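K.L.:
The following block contains the structure, expressed as structure tokens.
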Amino acid sequence: MKKLNFIAAGLAVAAVAALVMWVGRPVSAHEGREVGDGKYEITFGWQVEPAYVGVYNGPEVFIKTHGVTEEDEKPVIGAEKTLKLKVMFGNQSKELTLKPAWQDPGHYVAQLTPTRPGDYSFQLTGTLNGNGEASATESVSDTEAVSSTETVSTSATISPSETLSSTETISPTVINEMFTSANGQFGTVEPSSDVLFPDTKADVVSLQSEINTLKTQLKTLQDAVTALQTAKK
């Protein structure tokens, strides 16, 4: 019995350690960059890496204010209201809907099932911190916070010339960023045959590709037969 308890305890410790490592893991295969003259940091990539044809996935975006230390960095909330995301493949494009990730401020996701292997590009456009939206919550001081409906009293340490109006808006930061898997910082979409078993040709795109190949071969044979028939006349 003691041996069983020891084994169970060991498994529990191992499970907790694995969970800590998983939660604390860095975001892999994502592209990060600073925007707005270094005011914000945006990290972009697939929700699941590697990405495969015909397998539900989608892009994800992490947005936070830039800080000297991690404590200075704040997640940007409300960005789904002011940003748009478009996916492009070849000469085709589609608007995607950004949604906040559940219980993870500053993290946004969009739904997408890629249907062809290759490189995908994404264009993120809109504004951040415009008219009170897509803003990071910050305290006015260490001892008090001022709500969006209040004006700052001039009887405090702020001079009359520094008084903030309740209707004053913060100038928005324009966002127009292109992310593409061709740069190699997040993965290209791989054929699903790489992970299918036992049938490796189960996805519609692979079947359609084979049909198109057979059509081309059939057309070539038909042209050859026509040429032979013409030569005999």
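Laboratory data are not the source of any read-out in this text; all were calculated from the coordinates shown. These figures come from a predicted structure and were not determined experimentally. Here the Cβ positions follow ideal geometry from the backbone for every residue, glycine too, while neighbour counts run over all protein chains shown.
K.L.:
Can you give the net charge of the other residues whose Cβ lies under 14 Å from the Cβ of LYS99, counting K and R as +1 and D and E as -1? Present the calculation step by step, with values, prior to reporting the outcome.
P.N.:
Working: positive: LYS81, LYS84; negative: GLU60, GLU80, GLU95, ASP104.
After counting each charged neighbour, the total is -2.
K.L.:
Name the long-range amide H neighbours of LEU112: under 5 Å, sequence gap of 5 or more, or other chain; modelled H, no Pro or chain starts.
P.N.:
Placed amide hydrogens put ASN57, GLY58 under 5 Å from LEU112.
K.L.:
Arrange the following residues from fewest to most other Cβ atoms within 10 Å of their Cβ: ILE211, ILE63. Please report the intermediate quantities before stating the final value.
P.N.:
On the way: ILE211 10, ILE63 24.
Ordered by Cβ neighbours within 10 Å, fewest first: ILE211, ILE63.
K.L.:
Now for a separate question. Kindly rank 42-51, 93-102 from highest to lowest mean number of other beta carbons found within 10 Å of each residue.
P.N.:
Output ranking for 42-51, 93-102: 42-51, 93-102.
K.L.:
Just to be sure I understand the model, the point goes 7 Å from the Cα along the line to the Cβ. What's the resulting GLN111 to ASP37 distance in nm?
P.N.:
In this crude spin-label approximation the distance works out to 4.0 nm.
K.L.:
First measure r as the distance between the Cβ atoms of TRP102 and ASN183, then evaluate 1/(1 + (r/R0)^6) with R0 = 22 Å and state the FRET efficiency to the nearest 0.05. Walk me through the intermediate numbers first.
P.N.:
Values: r = 29 Å, r/R0 = 1.33.
With a Förster radius of 22 Å, E is 0.15.
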